[in-house]
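> Handing you this structure, nothing more for now.
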Amino acid sequence: MLNVYERRLILSYLSNLASRLSHHRPEARALAECVAERGDQLTVADCSSRRIEKTLFAYSHGELSADRWQQLRDILKEQQAAARRVRADRTALRIRRLGREMQLSRTDVAILELLLRYHTRPAIESIVDDVFRDSHRRIARFFRVGCRALPDLLGLSVGSFSARFATPAPLVGSGLVSIDDDGEIKLIDRLKRLVHTPGNAGVDVCSLLFDMGPPGELEWPDFDHVAEGRDHVENLVKGALQARETGVNVLIYGSPGTGKTQFCRTLASRLKVKLYSVGEADDWGNEPNRFERLQELRLAQRLLAGGHDSILLFDEMEDLLQGPASGSMPFWGRFNRGPLRAGGSKVFMNRLLERNAVPTLWTTNSARQTCPTMLRRMMFALELRQPPPQVRARVWARQLGSHGIEASSEETNSLAREYDVSPGVAAGATAAARLVDGGDIATVRRGVRSLSRLLSGETHPQEDPSKFDPALMSAKFDLVVLADRLAKRGAKRVSLCLHGPSGTGKSAYVRYLGERMGLEVVQKRASDLMSMWVGGTEQQIAAAFAAARDAQQFLVFDEADSLLADRRLAQRSWEVSQVNEMLTWMESHPLPFACTTNFNERLDPATLRRFDFKIVLDYLKPRQATAAFRTFFGLTPPPGITSLSNLTPGDFAVVRRQAEVLGKLEDPEALAGMLRGECEAKPNCPGAVGF
């Protein structure tokens, strides 16, 4: 059913069309029959539908005479004049407000209204289609540039109408409509919200057309691990808004779940501005294609231009800016015209980025697959990595608390230490745990373990460095004094090589150092860095050093003899190049890093000068073995324990696990026997005295 304002529109369209047709045209007869059948839907004044029927009855089944055609024209003009005082409905007011916001002409607004009504109001669509049903100009759902249907309905000349669809014209340049290769005029689906969204006519057009992002679940300190870049992005966007600068694009990239979208939302909250998400779904809630996302971006840029309280978020930018190396679909969408044709135009995209009227945040999981020419148009690129344990502990505590899952601070810290997972994984694991009988910390741990295994592979939980006892390490100088001195220096460059027998505590001491220095320790094994591709290992090594530098982390290479093997014994060129890469980065790395190895003799001689401290860890001395027995078992050691000359802290940890299985934790003699067995199982055992 048409409302009064829509009747006014139809009367205007039909009157305009009738004034341009002679009575012998097929469209004239179709129009006359349409009016005869729908007279009750088209009257707004005293002239009733009965009068229309009487006027048209005489020729409804015969030829349309010139007189009768003129009478019909007069009736339509009379009704059109009577309808001029009808007030605009909600949709019309919204369209006009959109026109003012985007500085559209009255002609553009009229074109938009006709297109929008036709595509959203079946009654109007039916009337228009009926009029042109026998015409070679049949509309059949799509209007075309060059067809007289639209100009005739709107009372425009074909030339002035076509000019409104030239590429620089506002209708096309703003993304409101697009023209395909066949000249079909397509309206952006997002505009249908002006018709279907409930509320009064005064609702903000931007709020109607675009989805405002919810507040971020993370807090500003949750990004302390990228504080320098984080604060730079804040100042950059703030300055752009104040100066209304154009061409401001910021790239936020990182692996899935590191909080890219959450960062953008948190930034908007901190700046007290509105964050609009662009192109996340089409009008029906389905996945939009690349072309639809581009249209929405252009529309948002045009609509929000000139303001200082809004920024845009374009999530998953690879949909739009992916380069040819990605092996994905063609650069542009399936049906485009001009600069948007299949194959795409990088020049067009470059200009779009350079002329952005609203600061835009772009997120991606694969920045290096994006076309380099697009990346150069970014003013800043912020990489989000996995947060350090102290930040993860904060996120875990908040997530557990929000879902009503009880956990002690020790349990929360344990989750943060054991699982190097992103805030997104923590949120998913806690939400899932709540659905399982209300959830508990064990359920959370089970869930995050499964996701961590999938995302990062099997990793063993790191020991709590606060429980490490440096007194149980045997070295030529005091390791506690070294830790104290390094802790006072903070995150300044220092390099260490720790070598010695397995189990002497090399990796544990590095984690202890990192805790004392306030740095997250990132351990890399050869398996993490070795690549099957030529040059791949070198890239992985460089990436590890760069990531540790940017995130202010303590980088550790376990079993470093695999990466720093003596080049004189190399048989392949890549064995030399990977050592060269390691040595180059070790020379210039500005932060603490360490290497551990059980085979110091295998290291390349050039490595020696790269280490400030070369620490040799040896077997426990008798007094240390006695102390370790008390520490691990809480018992007085038997006298013979001091005669074992090749004990390590690792041996005590192994024997404790054995004793737990065998039920021997309270038997000092049995424990001593198991320790002796560990010593005798080692190669080149020097032999034990006593027992």
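The values are calculated or read from the model by the stated rules, or taken from the named source; none is laboratory data. Just so you know, these numbers come straight off a predicted model, no measurement behind them. Cβ: placed from backbone, ideal geometry, glycine included. Neighbour counts: every protein chain shown. The area values use the complete protein model at the heavy-atom level, side chains included, leaving out ligands, DNA and RNA. Shrake-Rupley method; radii C 1.70, N 1.55, O 1.52, S 1.80 Å.
> How high is the relative contact order of the chain, in percent, with contacts defined as C-alpha pairs under 8 Å that are six or more residues apart?
Reported relative contact order: 9 percent.
> Whole-Hz Karplus ³J(HN,Hα) for the stretch 588-601, in order, using 6.51 cos²θ - 1.76 cosθ + 1.60 and θ = phi - 60°, x for Gly and Pro?
Here the 3J(HN,Hα) series is 10, 5, x, 10, x, 8, 9, 10, 10, 7, 9, 10, 4, 5 Hz.
> Next up: State whether the stretch 608-668 is rounded, prolate or oblate according to the following rule on the C-alpha gyration tensor (a ≥ b ≥ c being the square roots of its eigenvalues): a/c under 1.5 gives rounded; otherwise a/b larger than b/c gives prolate, and the remaining case gives oblate.
Since a/c reaches 1.5 and a/b is larger than b/c, the shape of the stretch 608-668 is classed as prolate.
> Could you give me the ³J(HN,Hα) list for the stretch 403-412, computed from phi with Karplus coefficients 6.51, -1.76, 1.60 and θ = phi - 60°, whole Hz, x at Gly and Pro?
9, x, 9, 6, 7, 6, 4, 5, 5, 5
> So, for the chain, what is the accessible surface per residue at a probe of 1.4 Å, expressed in square angstrom?
47
> Counting only the backbone N, which residues of the stretch 544-585 are under 13 Å from the spot 7 Å out from the Cα of Arg368 toward its beta-carbon?
In the stretch 544-585, the label zone of Arg368 (backbone N under 13 Å from the point 7 Å along Cα→Cβ) covers 544-547.
> Within the accessible area of the chain, what % is carbon and sulfur when the probe is 1.4 Å and the other protein chains stay in place?
Summing carbon and sulfur atoms, their accessible area is 50 percent of the total for the chain.
> Now for a separate question. In whole Hz, what ³J(HN,Hα) sequence does the stretch 300-311 give by Karplus (6.51, -1.76, 1.60; θ = phi - 60°), x for Gly and Pro?
For the stretch 300-311, the Karplus curve yields 5, 4, 6, 6, 8, 4, x, x, 9, 10, 9, 9 Hz.
> Sticking with this one: If you average the C-alpha positions of the stretch 426-443 and of the stretch 255-282 separately, how far apart do those two centres end up, in angstrom?
25
> Further question: Which longest run of the chain has no exposed loop site in it, a site being trypsin sites (Lys or Arg not before Pro) in a DSSP loop with at most 11 other beta carbons within 10 Å, and the site itself not part of the run?
With trypsin sites (Lys or Arg not before Pro) excluded where exposed in loops, the chain gives 142-271 as its longest stretch.
> Here are a few candidate values for P(r) over Cα pairs in 20 Å bins from 0, in percent: (1) 16, 43, 34, 7, 0; (2) 14, 33, 25, 16, 9, 3, 0; (3) 17, 52, 26, 5, 0. Which one was actually calculated from the structure I just gave you?
(2)
> So in the chain, what percent of DSSP beta bridges are antiparallel if you round to the nearest 5?
Here the antiparallel bridges make up roughly 25 percent for the chain.
> Also, I was wondering about something else. State, to one decimal in nm, how far the label point of Ala471 lies from the label point of Ala431, with both points 7 Å from Cα in the Cβ direction.
Distance between the two pseudo-spin positions: 4.9 nm.
> Okay, next question. What does the C-alpha gyration tensor say about the overall shape of the stretch 70-189? Classify as rounded when a/c is under 1.5, otherwise prolate if a/b is larger than b/c, or oblate.
oblate
> Between His308 and Lys614, what's the calculated FRET efficiency when r is the beta-carbon distance and R0 is 56 Å? Round to 0.05.
Efficiency, from the Cβ-Cβ distance: 0.45.
> Turning to a different aspect of this structure: How much length, in nm to one decimal, is gained on full extension between Arg656 and Asp89, taken as 0.36 nm per residue of separation minus their Cα-Cα distance?
Result: 196.0 nm gained on full extension.
> Let me ask something additional. Note the direction-averaged projected area, equal to a quarter of the hull surface, for the Cα convex hull of the stretch 558-691, in nm².
10.8
> Report the accessible area of Asp130, computed with a 1.4 Å probe over the heavy atoms of all protein chains in place, in Å² rounded to the nearest 10.
40
> Let me ask something additional. What nm value, rounded to one decimal, do you get for the distance between Lys346 and Arg376 when each label is placed 7 Å out toward the C-beta?
It works out to 0.8 nm between the two label points.
> Which whole number in µm²/s is D for the stretch 203-274 by Stokes-Einstein, with the Kirkwood Rh taken over Cα pairs at 4 °C and 1.567 mPa s?
96
> Given points 7 Å out from each Cα along the Cα-Cβ axis, report the Arg355 to Glu234 separation in nanometres with one decimal.
3.4
> Another question, if that's okay. Amide H neighbours of Val522 under 5 Å, counting only residues 5+ apart in sequence or on other chains, H built in-plane at 1.01 Å?
Phe554, Leu555, Val556
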